[in-house]
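K.L.:
Below is a structure I'd like to ask you about.
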Amino acid sequence: MGITIKLQAFEGPLDLLLHLIDKNKVNIYDIPIVEITEQYLTYIHEMERQDLNIVSEFLVMAATLINIKCKMLLPKEVNEEGEEIDPRAELVEQLLQYKMFKFMAEELKDRQQDAGRSLYKNPTIPEEVLHYVAPIDINELLSDVTLRKLTSVFKTVMKRQEDRIDPIRSRYGNIEKEDISIEDKMIDMEEYLLNHRKFTFWELLDRQSTKMEIVVTFMVVLEMMKAGKISIVQEETFGEIYITVLDEEKVNEN
């Protein structure tokens, strides 16, 4: 009574070759062609006993292996550069490509399985939030704002500061001054608000003498607006900016 051998299912001849290479733990770039061919043919004979319909493409690979085996027994061929041609090179390239695609297929399969465990729910946003419309359309407000316009505004501000420099006395030398802090500028701003209920942003900037003061003043204005001490209104893009004191008690808090 014969012994029944159950063979592993392979997707093609390259899949079987990879299995044999992994099984024998050999370097894919240095395939022992004699040993691998013998094992491959053993698998082919078992396949013939079970199903001849699937063995045809495996026989083509068997013929390829035998052909490579014969070439390796002959004197080695040399290319135009004088390098020896390895008869296994084309087969190795096919195996590497197949191995890469096989790995990618397994990776996609894992991702598909992971995606199958992902659950989604219908949106449950409250009606008042769903239908909320912002009072100001930022895209419309800034639709005509360009880097060129912003640069022009900045140059205008700096030009005003340069015009205030005395062309005669400025040549006598520079007196270094300590950088002003936000706390100091906040106190200065609060004193200014006590005497000015409404003024323009340009009027405020005209009081500053350096770039650092302009930057710090701008930060103080934003902080005071956030605290509810002042309101800022600009009727049109790049139009005049008006600052109004909202609560004198909040101004005097500090």
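The values are calculated or read from the model by the stated rules, or taken from the named source; none is laboratory data. These numbers come from a predicted model, not from an experiment. When we count neighbours, we look across all protein chains shown, and the Cβ atoms used for this are built from the backbone with ideal geometry, even at glycine.
K.L.:
Can you tell me which residue is farthest from residue 16 (Cα to Cα) among those in segment 82-116 that are in a loop (DSSP other than H, G, I, E, B) and at pLDDT 80 or above?
P.N.:
83
Matching residues to (1) over 33 Å from the mean Cα position of the chain (by Cα); (2) modelled with pLDDT under 80:
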{"position": "118", "(1), (2)": "no, yes"}
{"position": "123", "(1), (2)": "no, yes"}
{"position": "143", "(1), (2)": "no, yes"}
{"position": "150", "(1), (2)": "no, yes"}
{"position": "160", "(1), (2)": "yes, yes"}
{"position": "167", "(1), (2)": "yes, yes"}
{"position": "173", "(1), (2)": "yes, yes"}
{"position": "190", "(1), (2)": "yes, no"}
{"position": "208", "(1), (2)": "yes, yes"}
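K.L.:
Right, something else. Restricting attention to segment 95-148, and to residues there that are under 28 Å from residue 12 (Cβ atoms) and among the polar types (S, T, N, Q), which single residue is surrounded by the most Cβ atoms within 10 Å (Cβ to Cβ)?
P.N.:
At the first step, the residues of segment 95-148 found to be under 28 Å from residue 12 (Cβ atoms) are 95-116.
The next check asks that each one be among the polar types (S, T, N, Q); those that pass are 97, 112-113.
Details: 97: 11, 112: 9, 113: 9.
For segment 95-148, the residue satisfying everything is 97.
K.L.:
Does segment 232-242 hold any residues that are assigned to a strand (DSSP E or B) and surrounded by fewer than 13 Cβ atoms within 10 Å (Cβ to Cβ), and which are they?
P.N.:
Within segment 232-242, 233, 234 qualify.
K.L.:
Can you pull out the residues in segment 185-228 that are under 24 Å from residue 138 (Cβ atoms) and part of a loop (DSSP other than H, G, I, E, B)?
P.N.:
Passing the criteria: 227, 228.
Okay, residues lined up against (1) touching a Pro at 6+ places or on another chain (Cβ under 6 Å); (2) at pLDDT 80 or above:
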site: 11; (1), (2): no, no
site: 21; (1), (2): no, yes
site: 41; (1), (2): no, yes
site: 47; (1), (2): no, no
site: 68; (1), (2): yes, yes
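K.L.:
Looking for whichever is modelled with pLDDT under 80, within 48 Å of the chain's Cα centre (by Cα) and not β-branched (Val, Ile, Thr) here; the options are 79, 53. Which one fits?
P.N.:
Numbers: 53 fails: within 48 Å of the chain's Cα centre (by Cα).
The unique qualifying residue is 79.
K.L.:
Going by the structure shown, is residue 59 farther than 30 Å from residue 210 by Cα, surrounded by 10 or more Cβ atoms within 10 Å (Cβ to Cβ) and touching a residue at least 24 places away in the same chain (Cβ under 8 Å)?
P.N.:
Judged against the criteria, residue 59 is not a match.
K.L.:
Which of the residues spanning segment 92-133 are under 28 Å from residue 32 (Cβ atoms) and either touching a residue at least 40 places away in the same chain (Cβ under 8 Å) or among the hydroxyl-bearing types (Ser, Thr, Tyr) (or both)?
P.N.:
Passing the criteria: 92, 94, 95, 96, 98, 99, 102.
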